[in-house]
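Below is one structure, written out as structure tokens; the observations come after it.
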Amino acid sequence: MKNDSTDPRSSSTFYERYHTLEEIYDWINRTAQDNPRTVKVILIGSSYEKRPLYVLKLSFNDRPNRKAMWIDCGIHAREWISPAFCMWFVHHSLSFYQQNSEITRILDSMDVYVLPVMNPDGYKYTWTTRRWWRKNRSISKSGFCVGVDLNRNFDVDWVKGSSQNPCEEINCGPFPESEPETQAVANFLRRHKDTVQLYITIHSYSQMLIFPYSYTFDQAENHNDLMVQEAAQRIKRYYRNTYTYGPGAAILYPCSGGSDDWAYKLGIKYSFTFELQDRGEYGFLLPPSHISGACNEALLAVKTVAVKVLEKTQAPANDHTI
């Protein structure tokens, strides 16, 4: 990335602050302009209030039959550390390619799709009106209540463990993929299901590394492959922070319509939800001073998991678990 003294992104503190939706859009466009060979902006759809859903595609070579990973952030509006991580990840990838061995191996081996803000309407609303808002901003037919929980709106065991009451925080919507944000992501992943091998969705808080299933207590087919103990152990070793890991239903609570379960059912057999800092002291109001720590922990987990997926998919004889 260019080091322009007039560009606020040249300061490391830029990534240690939370940014408005407009600032994130500007960052997306400028990042692509500054890195035309490696970064492409893809418009995958628009939100209920017609805000664009931009995906950044990081691609460092044009080898045929390249696989890919997907990271989405900001599905829940109030979880500000989530979009901050997507920005952190892109910045790290562009800054440390050919310097950090893990990120270099990942970017040499696969493309990376990053959706920094999946719920732009809700995110905007948390900056202007109600900081604790979770859902998107679609208006129900009754007109009394607003918003659908996008992480209950995917078409996987839909309705169970959620609510069809539009006034509830876990409102799953009137039908699966009723929301344009959900539909845009689902359509994109359906089109790319043969290349996307790794799905990661970033949430907060509670410091958990979660994998399928959340809608049932049944184990996923490749349950042992999904055990992310190495990622949790590395976070503990390097950052002295504890992350719980396991299937969502077992370590959190049963719920349906989640994006990770849906991606897994689609055929993306390495699918994860990362819940970032903290464990409740600040919760959704994680101070900016904690951004670097939270993002570095998540970055280590993403790199650990991605490298293990590469080992699994490129060298089938390797039986290490993630």
Only sites in a loop by DSSP and with at most 14 other Cβ atoms within 10 Å count here; which trypsin sites (Lys or Arg not before Pro) in region 18-72 make the cut? 37, 50, 66
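Arrange 238, 54, 215 by Cβ neighbour counts within 10 Å, fewest through most, would you?
Final ranking by Cβ density, sparse to dense: 238, 54, 215.
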Under the Cβ-under-4.7 Å rule, which cysteines of the chain stay unpaired? 172, 255, 295
Residue by residue through region 271-282, which ³J(HN,Hα) values in whole Hz follow from phi under the Karplus form 6.51 cos²θ - 1.76 cosθ + 1.60 (θ = phi - 60°), with glycine and proline marked x? 9, 9, 10, 9, 9, 7, 3, 10, 9, x, 4, 10
Given contacts defined as C-alpha pairs under 8 Å and at least six residues apart, what's the relative contact order of the chain, whole-number percent? 19
Residue-normalised 222 nm signal for the chain, counting each DSSP H run of n ≥ 4 as -39,500 (n - 2.57), nearest 500 deg cm²/dmol, is -10500 deg cm²/dmol
Over all directions, the average projected area of the alpha-carbon convex hull for region 1-130 comes to how many nm²? 8.2
In which sequence would 167, 86 go, from the one with the fewest C-beta neighbours within 10 Å to the one with the most? 167, 86
What is the pair-distance distribution P(r) of the chain, computed from all Cα-Cα distances in 20 Å bins starting at 0, with each bin given as a whole percent? 34, 61, 5
Distance between the C-alpha centers of region 150-189 and region 110-136? Whole Å please. 16
Can you give me the pair-distance distribution of region 185-322, C-alpha pairs, 10 Å bins, whole percents? 12, 42, 35, 10, 0
Any of 50/193; 193/265; 67/193; 40/124; 57/193 with alpha carbons more than 18 Å apart? Name them for me. 50/193; 40/124
Would you order 101, 82 from fewest to most other beta-carbon atoms within 10 Å of each residue's own beta-carbon? 101, 82
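Read-outs throughout are calculated quantities, based only on the coordinates presented, and are distinct from any laboratory measurement. Everything numeric here is computed off the predicted structure, so don't read it as measured data. Backbone-built Cβ (ideal geometry, glycine too); neighbour counts: all protein chains shown.
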